1. What are the residue pairs meeting all of these: first residue in the stretch 411-425, first residue farther than 25 Å from residue 206 by Cβ, second residue in a loop (DSSP other than H, G, I, E, B), Cβ atoms under 8 Å, and 6 or more apart or on different chains?
2. Select from the stretch 243-282 the residues that are polar (S, T, N, Q), open to solvent by 20 Å² or more (accessible area, probe 1.4 Å) and part of a helix (DSSP H, G or I) and list them in ascending order.
3. Exactly one condition in (1) out of contact with any Lys or Arg (no Cβ under 9 Å at 6 or more places or on another chain); (2) crowded, with 20+ Cβ neighbours inside 10 Å is false for residue 440; which is it?
4. What do you reckon, is residue 616 modelled with pLDDT under 80 and over 19 Å from residue 658 (Cβ atoms)?
5. For the stretch 283-301, name all the residues that are buried (at least 17 other Cβ atoms within 10 Å of the Cβ) and over 17 Å from residue 316 (Cβ atoms).
6. Looking only at residues that are touching a residue at least 12 places away in the same chain (Cβ under 8 Å) and of a type outside the set (A, V, I, L, M) in the stretch 24-66, which one is nearest to residue 312 (Cα to Cα)?
7. Suppose we keep only residues that are surrounded by 12 or more Cβ atoms within 10 Å (Cβ to Cβ) and not hydrophobic (A, V, I, L, M, F, W, C) within the stretch 575-590. Which one would you say is farthest from the chain's Cα centre (by Cα)?
8. Those residues that are open to solvent by 50 Å² or more (accessible area, probe 1.4 Å) and either acidic (Asp, Glu) or outside any helix (DSSP H, G or I) (or both), I need them from the stretch 671-685; list them, please.
Amino acid sequence: MENEEQMTKMELHLESQIRIERTVKEEVDTKKTIEKKLRENCSCSLDKLKNLITGFFPVLHWLPRYKFKEWILGDTISGLLVAVVIVPQAIAYALLAGLETSSSLYASFFSCIIYFLMGTSRHISVGIFSLICLLVGQVVDRELLLAGYEVEDFTVLPSAMNNANNWTSSNVTTSMIMNITFPGSLNMECDRKCYAISVSAALTFMCGVYQLLMAIFHLGFVSKYLSEPLLDGFATGASITIVTMQVKYLIGVKLPRSHGPGSVVVTWINIFKNIHNTNLCDLITTAICMPLLVISKELGERYKDKCKFPFPMELAIVVIATIISHFVNLNEIYGSSITGPIPTGFLPPTVPSLTMLPRVAIDAITLAIISFAFTISLSELFAKKHGYTIQANQETYALGFCNVIQSFFHSYASSATLVKTLVKDSSGCQTQLSSLVSAVLVLMLLLFLAPVFYSLQKCVLACIIIVSLRGALMKFRDLPQLWRMSKIDTMVWWVTMLSVCLISTELGLFTGVTFSLLCVIVRTQVPRTALLGRKQDSTLYEDQAEYNNLSSIPQIKIFRFEAALYYCNKDYFMESLMRKVGLNPALEMAKQKKAENKQKGKKKSGETFNGNINQEQPVVIKELIPKIYNFHTIILDCSAIQFLDSVGINTMKTVLKDYNDIGITVLLANCNPSVLDSLSRGQYFGENCKEMDNLFFYSVHTAVQYAEVKWSESGHSSL
């Protein structure tokens, strides 16, 4: 019977020593690898040249394969409907950017053409976007103030209405003129309108340059730091800012734009102070247009499956409101604020002001990242929906060239837009040929139809802007569900949204990103720790605090640390381990030394001891350990430790040494290969890893078996 028990123990011991053989990796010859890459990338052939051109201009790949009979109807209809949406939005979003309507139309035209040639998504629509317009408008306002101009809405003089290429007005006072050096012309006189265009052009140019650099150096990973809750919070906060800016148009109150931290609060205070100056005509128009737009959106969403083509309510309201305003003469009789003249034709292309580029270089970073993030996320969303893939790097190239080229034509930055993309998707769009159709219609508007909207009230445009932000403003409804899923993500949402509203758009985004990263760091600094127990008659080990029917292993403590072990959390790791196992090795060593010194003192004073103290004392201490601490082994479950840095390796070595010094065995289980390699390089297992078989195991259960066998072989019995 005794022999059978001994054989069983030996079998368990042998089973615990089974090792998985690691793959021997061949050493990489760096020189040969570089030479191979250079040969592959620097060689030239017709096939490589063809792939390079079609990769840079994807239209050359899909246009020859275009299924004309099957796709042309859907692409044409979707292009027409998108153009119908572009018209009112282009006029409305000019208010946000602080520029003329023609700048919005230029952006819509050029972005459609360039993305048609270079984009890889079949469905997204690139053009003017409310949040991008807000960012551009804030920079334009700031530069106007610094240049000595008053920040107010554009009111182009009637004498300039029919002169599209007229950059200055003879009626502008000398104090409102400044000299700016443009390439090709020296000391060109530039009024407020011209200066605002030069700011937006320089900002757009820098934004495009940054996006091209992101594509060249494959820096798209930067957008990964913008989490979905952060982007939602940013969009909601920016939407609240936009709504605040548009309220004065809704009620016809003339207010200066507020800038800097707290501008939203200051604007609302000014609105209530001047509420008695409300223009009754604008208020009535708002009361009619706003419900119609909201009802149209709600019905469109509710019956989107039954209604194949969404009704263009925005365009209908713009046309009707323009006709009424023109024939009733609302501007002169009731003082209603109107859009004013919209120049037709194209301004001559101009190189962005080189002196302005350094002033907007930092602002362009935020603009480039936000534009890129929204475009890529929207492209991936619709690509997944329709079962194809996009090339993120090529998307960045397309967006970058959109902005760089547009900057030469007095336009401002573009991005993918959700509303127009949804219109394209719901109306049967198949390819980017629909963007070409939209561009043709926008071109017609630029050349012939723009002056038609001279009498359109600004309150109508404000209604269109606010209703287009419904999606972002309704994110408040998702907060209860987000709170249930992740309280930290909810905090990120609130911090970002409030920062954007109460500080500024750029600083709010920076605050949100910083807070989000801090949350990640804190979660790794203070991760969950657990003391594991085993389900009876099984090899399953889990957290005893989280699951029932788990029992502790006699004389063995199993500890799990659920994060990477690095310099930030090494103290927390040590504290958690000592707290869970109930033993601080440093304090115990101090007690033992104190007891040893006390014994030595008694011997010197003449007391009688059995045997030689110097030889017997260590044995006595080891014999007492299981009785005092009720455990002899600590097993560290490393399954949740992703990596170790040098501090983490030293921490593991310290744990091993400190507990071994007081007679406690420390075993490792479930280490991933990278952690195992880090420990091996740090000589945790001794020179040439000679102690690995006694210190590391591929499962917790194997480590438990080994600990039980070793303890029983040493002549001890389980408690």
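1. 421/123; 421/124; 423/310; 424/123; 424/124; 425/123
2. Here is the first cut: in the stretch 243-282, the ones polar (S, T, N, Q) are 244, 246, 258, 263, 267, 270, 274, 277-279.
Filter once more, keeping what is open to solvent by 20 Å² or more (accessible area, probe 1.4 Å): 258, 263, 267, 270, 274, 277-279.
Selection gives 263, 267, 270, 277.
3. If we test residue 440 against (1) out of contact with any Lys or Arg (no Cβ under 9 Å at 6 or more places or on another chain); (2) crowded, with 20+ Cβ neighbours inside 10 Å, just (2) comes out false.
4. Working: modelled with pLDDT under 80: yes; over 19 Å from residue 658 (Cβ atoms): yes.
For residue 616, the condition - modelled with pLDDT under 80 and over 19 Å from residue 658 (Cβ atoms) - is met.
5. Within the stretch 283-301, no residue meets the criteria.
6. Per the criteria, the residue is 66.
7. 588
8. Taking the stretch 671-685 first, the residues open to solvent by 50 Å² or more (accessible area, probe 1.4 Å) are 673-674, 677, 681, 683.
Matches in the stretch 671-685: 677, 683.
The values are calculated or read from the model by the stated rules, or taken from the named source; none is laboratory data. Note that the structure is a prediction, hence the values are computed from the model and not measured. Quick reminder, even Gly has a Cβ in these numbers, built from the backbone with ideal geometry, and neighbours come from all protein chains shown. Each accessible area value is taken on the protein alone, full model and side chains, heavy atoms only, with ligands, DNA and RNA left out. Shrake-Rupley method; radii C 1.70, N 1.55, O 1.52, S 1.80 Å.
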